[in-house]
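A.B. asks: Before I ask anything, here is the structure I am working with.
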Amino acid sequence: MNVTVSYQEKIIALWTIFLLGTLFHTQLGLMPLFHGQDIGFAYVHNNFNIAYILWGMLGFFVLPMYAIVVMVFNDSKRYRVIHLGLTIFYTVLNFLHVVLYLEVTAVVWYQIALMIVLFFIGLLLNLVSLQWLKAYNHYKKMA
């Protein structure tokens, strides 16, 4: 049985896995609350507006969701280029997140492990997105 999965289906699956992993990363950070433990961070000052963080998190989650929706309806070369740029942007952000998280005084290693998994999923997303872009050029040459 030969089943062909399109690049778009692969990318949608990878984005979905990435979003679930990111959601789990957030959930892991909140799990101590359910066991009566504190989740306060020493580096956050009392006068810091948490709204900036929450808006940033919203954007971080919404962009991949938007990328999936647009991918369902648009496979133009322009979108493929933009999408590849988005995946690279997320890979850089994930790498920086891992590096910066290692600077926290109380490193939580299960979070680091999850972030590394997400980083590699991001690299795979980069690769498949690049293949999807190259496929456009290949099909245009064939037409």
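A.B. asks: Could you list, in sequence order, all residues of the range 31-46 that are open to solvent by 60 Å² or more (accessible area, probe 1.4 Å) and either modelled with pLDDT of 60 or more or not polar (S, T, N, Q) (or both)? Break it down stepwise before answering.
C.D. replies: Of the range 31-46, the ones open to solvent by 60 Å² or more (accessible area, probe 1.4 Å) are 31, 33-38, 41-43, 45-46.
M31, L33, F34, H35, G36, Q37, D38, F41, A42, Y43, H45 - these are the residues of the range 31-46 that are open to solvent by 60 Å² or more (accessible area, probe 1.4 Å) and either modelled with pLDDT of 60 or more or not polar (S, T, N, Q) (or both).
A.B. asks: Could you grab the pairs with beta carbons closer than 8 Å, sequence gap of 6+ or different chains, first residue in the range 98-123 and more than 16 Å from T26 (Cα to Cα) and open to solvent by 70 Å² or more (accessible area, probe 1.4 Å), second one assigned to a loop (DSSP other than H, G, I, E, B) and among the aliphatic types (A, V, I, L, M)?
C.D. replies: Final answer for the pair search is T105/A42.
A.B. asks: Name every residue in the range 47-77 that is farther than 19 Å from K10 by Cα and either open to solvent by 80 Å² or more (accessible area, probe 1.4 Å) or part of a loop (DSSP other than H, G, I, E, B) (or both), in order of residue number.
C.D. replies: Scanning the range 47-77 gives N47, F48, N49, I50, Y52, L54, W55, L58.
The values are calculated or read from the model by the stated rules, or taken from the named source; none is laboratory data. Here the structure is a predicted model, which means the values were calculated and not measured. Heads up, the Cβs are rebuilt from the backbone with ideal geometry, glycines too, and the neighbour counts pull from every protein chain shown. Accessible surface is based on the protein model in full, side chains and every heavy atom, while ligands, DNA and RNA are left aside. Shrake-Rupley method; radii C 1.70, N 1.55, O 1.52, S 1.80 Å.
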